[in-house]
Amino acid sequence: MIKVERLKKSFGDLEVLKEINVEIKPQEVVVVIGPSGSGKSTFLRCLNLLESITGGKVMIKDQDLTAKGTNINQVRTNVGMVFQQFNLFPHKTVLENIMMSPMKVRKWQRKQAEEKGLALLRKVGLYEKAHVYPDSLSGGQKQRVAIARALAMEPEIMLFDEPTSALDPEMVGEVLEVMKELAKEGMTMVVVTHEMGFAKEVGDRVLFMDGGYIVEENVPIELFEHPKEERTKAFLSKVL
Amino acid sequence: MGVFSFEIVREYLPFFLKGAMVTVGASLAGILIGSILGLFMGIGRISKSWWIRYPFIWYINAFRGTPLFVQILLIHFGLIPLIMESVNPLVSLIVTLSLNATAYIAEIFRAGIQSIDRGQMEAARSLGMTHVQAMRHVILPQAFKRMIPPLGNEFIVLLKDSSLGAIIAAPELMYWGRAAQGQYYRVWEPYLTVAIIYLILTLSLTYLLNYIERRLDTA
């Protein structure tokens with residue numbers, strides 16, 4: 001589904017991703033952990049080219065993102081993204097937030113987009129908030145709307161960039177619940193998070209990143225219980 | 001020097017009012033044309049391609065860095081005769097105000113656009129929107145709201161600055177003030193009346209803008 005080969009990313013002189021190689025299968029839930037500054041968010045943002053890549057290749061469903069002829073907007077419709085800061089559109093109601101891209105990008109009729117939007121809001125438990133503005137929602141509610149908005153494009157892949165890091169602790173659970181639900185439905189997911197519980201419970205595989213590399217990867221139970229690399233051990237001893 | 005002569009004011013009042021209409025019309029034209037051109041220039045000003053960005057930056061530098069007075073003379077006596085056969089001071093005034101406002105408004109648009117959190121653009125692009133779609137449906141609607149106060153301010157400045165049109169005999173408010181002064185050699189009657197009319201215009205505009213801002217706030 002996703003294939004990353006020798007991916008490099010620099011910001012000026014700063015080399016954030018040194019060499020990333022990874023392959024992600026359909027329906028797999030991959031959790032990316034690591035200390036801040038390890039490049040995990042940058043890695044995620046390279047997967048839909050929100051960050052231009054400096055070297056190497058990213059393939060989504062065998063389509064090379066940086067190849068000539070690749071329509072990146074087309075690719076992005078198949079790759080949903082959820083941000084730490086939600087990034088809802090404050091000038092639109094919750095429902096309009098969700099309807100916007102199906103209507104503008106997929107050219108759906110209003111009625112079809114509205115039905116889709118309301119169904120998704122029901123799915124994330126916010127049906128009754130359809131006509132309010134994002135301002136009046138709590139953090140957890142905002143993030144659930146953001147997930148619904150990404151799902152409205154019916155993507156096959158979802159990227160989560162620290163989706164619970166900006167939330168008050170009591171709201172983390174409701175967002176993780178929605179994500180678990182998605183994982184169960186077979187969504188291919190790449191999740192950058194500090195929620196080790198989520199990684200253990202939902203992840204099929206955990207990538208530990210540090211210093212611009214994937215230092216270690218394994219199924220969650222192995223990686224958490226029997227880390228092989230020193231850096232992994234040091235990191236886990238701090239967060240577990 | 002006698003007492004304040006209301007006779008002069010009364011005699012010139014119709015001309016002052018006609019001039020005030022021209023003042024309002026020319027500033028309105030300036031702000032409208034300036035807004036349209038300024039929008040494109042403001043967007044071009046933050047283009048990633050230097051060959052789009054640099055001409056706009058220098059246009060803005062030139063028009064913000066030189067006096068409007070000089071611009072009016074250059075445009076009326078230099079530029080307009082080059083491109084039009086007959087020279088009309090009012091046309092010159094409107095062209096100058098528009099070109100000048102374009103530079104300031106471009107900066108207002110740029111600041112408005114750049115004040116929107118970049119996460120908004122990223123979210124829109126991650127949903128598959130093109131840059132243009134994201135600008136149109138996500139960034140600009142939010143930016144416009146923030147641009148209203150500085151745009152209103154620019155309108156007020158433009159309305160006052162249009163008085164420089166008197167120097168090229170564009171028949172706006174100040175032109176008639178100078179005419180009255182020239183006929184009667186009086187200072188207070190024409191200039192004070194003109195000043196009061198400008199004040200009425202700018203204050204009305206201020207109240208109107210405050211009203212619009214309040215309406216947008218609650219919307």
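Could you work out the relative contact order of segment B:4-214? I mean the mean sequence separation of Cα pairs under 8 Å and 6+ apart, divided by the number of residues, in percent.
Relative contact order of segment B:4-214: 32 percent.
Can you give the alpha-carbon Rg of the protein assembly as shown over 2.2 N^0.38 Å, where N counts its residues?
Normalised Rg, Cα atoms only: 1.33.
Quick check: Cα centre of segment A:126-140 to Cα centre of segment B:3-37, how many Å?
50 Å
Report the paramagnetic label zone for B:Glu11: residues of segment B:152-179 whose backbone N is under 18 Å from a point 7 Å from Cα along the Cα-to-Cβ axis.
Inside the label zone: B:175-179.
Based on DSSP H runs of at least 4 residues, each adding -39500 (n - 2.57), what is the mean residue ellipticity at 222 nm of chain B after dividing by all its residues, to the nearest 500 deg cm²/dmol?
-26000 deg cm²/dmol
For B:Lys18, project a label point 7 Å along Cα to C-beta. Then give me every residue of segment B:187-212 with its amide nitrogen under 19 Å of that point.
Within reach of a label on B:Lys18, which here means backbone N under 19 Å from a point 7 Å along Cα→Cβ, segment B:187-212 contributes B:190-191, B:193-195, B:197-198.
In terms of the ratio Rg/(2.2 N^0.38 Å) built on C-alpha atoms, what value belongs to segment B:4-214?
Relative to the 2.2 N^0.38 Å estimate, segment B:4-214 comes out at 1.21.
Just from the alpha-carbon atoms, what are the Rg and Dmax of segment A:120-182 in angstroms?
Rg and Dmax of segment A:120-182, Cα atoms, are 11.2, 30 Å.
Round to a whole angstrom and tell me the spacing of the C-alpha centers of segment A:79-111 and segment B:152-213.
If you average the Cα positions of each part, the centres end up 48 Å apart.
For peptide A:83-92, what's the mean number of Cβ atoms from other chains within 10 Å of each residue's Cβ?
Rounded to a whole number, the mean comes out at 5.
Pairs of alpha-carbon atoms within less than 8 angstrom and 6+ residues apart define the contacts here; what relative contact order does segment B:105-213 have, in percent?
It comes to 22 percent, rounded to a whole number.
Just the ratio, please: alpha-carbon radius of gyration of segment A:113-240 over 2.2 N^0.38 Å, N its number of residues.
Normalised Rg, Cα atoms only: 1.19.
Which length gain, in nm to one decimal place, applies between A:His194 and A:Ser36 when the Cα-Cα distance is subtracted from 0.36 nm times their residue separation?
Computed gain between A:His194 and A:Ser36 is 55.9 nm.
Below 8 Å, C-alpha to C-alpha, sequence gap of six or more: please give me the relative contact order for chain A in percent.
Relative CO of chain A lands at 27 percent.
Can you tell me the equivalent ellipsoid semi-axes for segment B:93-219? Use √(5λ) from the Cα gyration tensor, largest first, whole Å.
42, 16, 8
Which whole number gives the average count of other chain Cβ atoms within 10 Å of the Cβ atoms across peptide A:48-61?
1
For B:Arg215 and A:Val132, what is the calculated FRET efficiency with R₀ set at 25 Å and r taken between the beta-carbons, to the nearest 0.05?
Using R0 = 25 Å, I get an efficiency of 0.80.
What does the highest-first list of B:186-194, A:164-172 look like by mean Cβ count within 10 Å?
The packing order, highest mean first, is B:186-194, A:164-172.
Once fully extended, how much extra length lies between A:Lys228 and A:Glu115, figured as 0.36 nm per residue of separation less the alpha-carbon to alpha-carbon distance?
Difference between extended and current length: 35.8 nm.
So, in nm, how far is label B:Leu74 from label A:Glu15 when the simple model puts each one 7 Å beyond its Cα toward the Cβ?
5.0 nm
Would you mind computing the Rg to Rh ratio of chain A from its alpha-carbon coordinates, Kirkwood style for Rh?
0.97
Distance in nm between label sites at B:Ser86 and B:Leu208, each 7 Å beyond Cα in the beta-carbon direction?
Each label point is offset 7 Å from its Cα along the Cβ direction, giving 3.0 nm.
Computed from the coordinates by the stated procedures, all read-outs in this text should not be read as laboratory data. Please read all numbers here as calculations on a predicted model, not as lab measurements. No Cβ is skipped: glycine too gets one built from the backbone with ideal geometry, and neighbour counts run over all protein chains shown.
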